[in-house]
């Protein structure tokens, strides 16, 4: 798992670097490198944290 992914906790906002059309997603869980994210445009997706480095989003 990428180091940043290990820091992701429920409630944090992220983007998928290879799926910009999914929009911003909110982390639901991060268990054993499997990160469940609820994306605004496509709904709930389970991301393999060992293969995809999600990008943290900071919103004001």
Fill in the blank from the handout: residue 59 vs (1) at pLDDT below 95; (2) surrounded by 12 or more Cβ atoms within 10 Å (Cβ to Cβ): all pass except (2)
Practice task
State whether the residues of segment 31-47 include one that is in contact with a strand residue (DSSP E or B) (Cβ under 6 Å, 6 or more places away or on another chain) and assigned to a loop (DSSP other than H, G, I, E, B).
Solution key: no
Practice task
Test residue 52 against the criterion of being touching a strand residue (DSSP E or B) at 6+ places or on another chain (Cβ under 9 Å), touching a residue at least 12 places away in the same chain (Cβ under 8 Å) and in a strand (DSSP E or B), and give yes or no.
Solution key: no
Completion exercise
By residue number, the members of segment 1-29 that are exposed (fewer than 14 other Cβ atoms within 10 Å of the Cβ) and not in a strand (DSSP E or B) are 3, 4, 6, 7, 9, 10, 11, 17, 18, 20, 21, 23
Problem - Failed criterion for residue 32 (all others in (1) loosely packed, with under 13 Cβ neighbours inside 10 Å; (2) at negative phi hold) - result: (2)
Problem - Residues (surrounded by 13 or more Cβ atoms within 10 Å (Cβ to Cβ) and over 9 Å from the mean Cα position of the chain (by Cα)) located in segment 35-51 - result: 42
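The values are calculated or read from the model by the stated rules, or taken from the named source; none is laboratory data. Keep in mind that this is a model prediction, so the values were computed, not measured. Neighbour counts run over all protein chains shown; Cβ positions are idealised from the backbone, glycine included.
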